[in-house]
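One structure below.
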Amino acid sequence: MTRRVLVLAVSMVGFLGLTLVAEGPFSAIWEMGITFDPNGTFVSGIESTADLAYATGPVLWTSYSNFQLTVGYLWQEFGVRGDLGAFAIEGDVLFGPSTEDFLYAQAIMALSIAGVDVGLYYANLSDAVLGGPADGFALRVAGSVAALDIISITEMGARIEDEDFDGIDVVHSATGLYRHYETNPVVPGQGFTGEKVAVGGWSYGCIGDIRTILYFTCTGFDFFAVDLEDIDLGIGWLKTDLLVTYEVQTKSVALTPRIIVGDGLVCFEPYFAVVFGASAWEVDGFELGGLALVCAWNGVTVKDLTVFDPGRFVITTEDYGSRIESLEDAIEDGHEYYADYWELLSIEVVFDGCCGGTNRMLINTYFEEGSGGIFGWGMSYVEASVGLSMDIELSGNMTVSTTGLDALGLGIRLHW
């Protein structure tokens, strides 16, 4: 109990210190949202967040606070960012004041000199979080040799976020809210756990950019990937990207082609699953498990996601990007997804508002088999925000399913 009280005291003192001691330019973002549940408790949730920042010369100090109706003082985060010429520092620490627990901390130190970037990443996850206790660090070295870009990441108990790996989400199980960080401590201690080498920057024939990735752990080879971008098929308005991943330990191959039309106007992305033969090493072919079509033009984005194999692929929730993921990846990364819906039709419109503000409207419509709704309609999620100025924004959202109105939310966002 003494330790928890001390943690809470440090959180409050640190918060007051930022507001009273720090010098220099100050900025703040305050948001408040109220959620109504017509089928249960009238007011089902109230959330308030405060995001503060102070600049003291080249150093930026930040504070993030989150309060919930059901759990009280949910999160208190402190951060620091510094850019001292060739040297940069970054640090974050997260507390759970409602339970008086330390949750997570990370420290990043980076040095850029003579064309070589060196970064040291350290993180610590407490036993109050699922997956903890865990701690570790990683060393990233990046540079160029002739036309090649080479990146080496040595993992000593931690994995860092990049093109191939996610970071870590510290999730509050009761509310589903999370905080995302770059450094993920995967095991206790700092022994060698993995090495990744990525080489890119060369081209060959009709392929504009080739990148290869080799990753192995302390138990042996994990995967080898070849990422081919900007493949010229001889049609000026048509581009194709191709990512092939070969995993020996799981004996699987992942194939993810993308077809981009008109400089990003239309993106067509199929999701394939490998069909193996009698032997684990024999590939009979590829099964189309999902299909994504995205069209963007002049502030309007239309997205259609279709899952053909719900046993292997799912559609993630709005908080996780509303995209198709393999079920295995969604579970492994802790991403929330809709298990019952096989198709999403989404329309998003963004346009200028009053006095420098921005207006936004999002309509997500989900379909499921046996829903009883027209065309298999299962649920719709509508979200809208109106920028009254650059500093004031009003928002609202609602969820409607075959049972009626499920949730209604109102929010306000102030910036100064």
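The values are calculated or read from the model by the stated rules, or taken from the named source; none is laboratory data. Keep in mind that this is a model prediction, so the values were computed, not measured. We place every Cβ from the backbone using ideal geometry, glycine too, and count neighbours over all the protein chains shown.
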When only residues in region 311-357 that are assigned to a loop (DSSP other than H, G, I, E, B) and farther than 21 Å from T399 by Cβ count, which is farthest from the chain's Cα centre (by Cα)? G353
Quick one: V187 ticks every box in (1) of a type outside the set (G, A, S); (2) within 17 Å of E332 (Cβ to Cβ); (3) at pLDDT 85 or above except a single one, so which number is it? (3)
Is it fair to say G157 is crowded, with 16+ Cβ neighbours inside 10 Å and at positive phi? yes
The conditions are (1) surrounded by 15 or more Cβ atoms within 10 Å (Cβ to Cβ); (2) without any contact (Cβ under 8 Å) to a residue 24 or more places away in the chain, and A198 fails exactly one of them. Which is it? (2)
Given the conditions (1) of a type outside the set (S, T, N, Q); (2) modelled with pLDDT under 95; (3) assigned to a strand (DSSP E or B); (4) surrounded by fewer than 17 Cβ atoms within 10 Å (Cβ to Cβ), and given that G378 satisfies all but one, which numbered condition is not satisfied? (4)
Pull out all pairs, ordered by first then second residue, where Cβ-Cβ is under 7 Å, the residues are six or more apart or on different chains, the first lies in region 75-100 and is surrounded by fewer than 21 Cβ atoms within 10 Å (Cβ to Cβ), and the second is part of a loop (DSSP other than H, G, I, E, B). G82/P58; D83/P58; L84/P58; S98/V71; T99/A128
A careful count of residues in region 198-216 that are closer than 14 Å to F165 by Cα and β-branched (V, I, T) gives 1
Are any residues in region 102-138 more than 22 Å from L52 (Cα to Cα) and in contact with a helix residue (DSSP H, G or I) (Cβ under 9 Å, 6 or more places away or on another chain), and if so, which ones? none
Just give me the residues in region 341-375 being exposed (fewer than 14 other Cβ atoms within 10 Å of the Cβ) and among the acidic types (D, E), in sequence order. D352, E369
Those residues of region 381-395 which are of a type outside the set (G, A, S), assigned to a strand (DSSP E or B) and surrounded by fewer than 16 Cβ atoms within 10 Å (Cβ to Cβ) amount to V382, L394
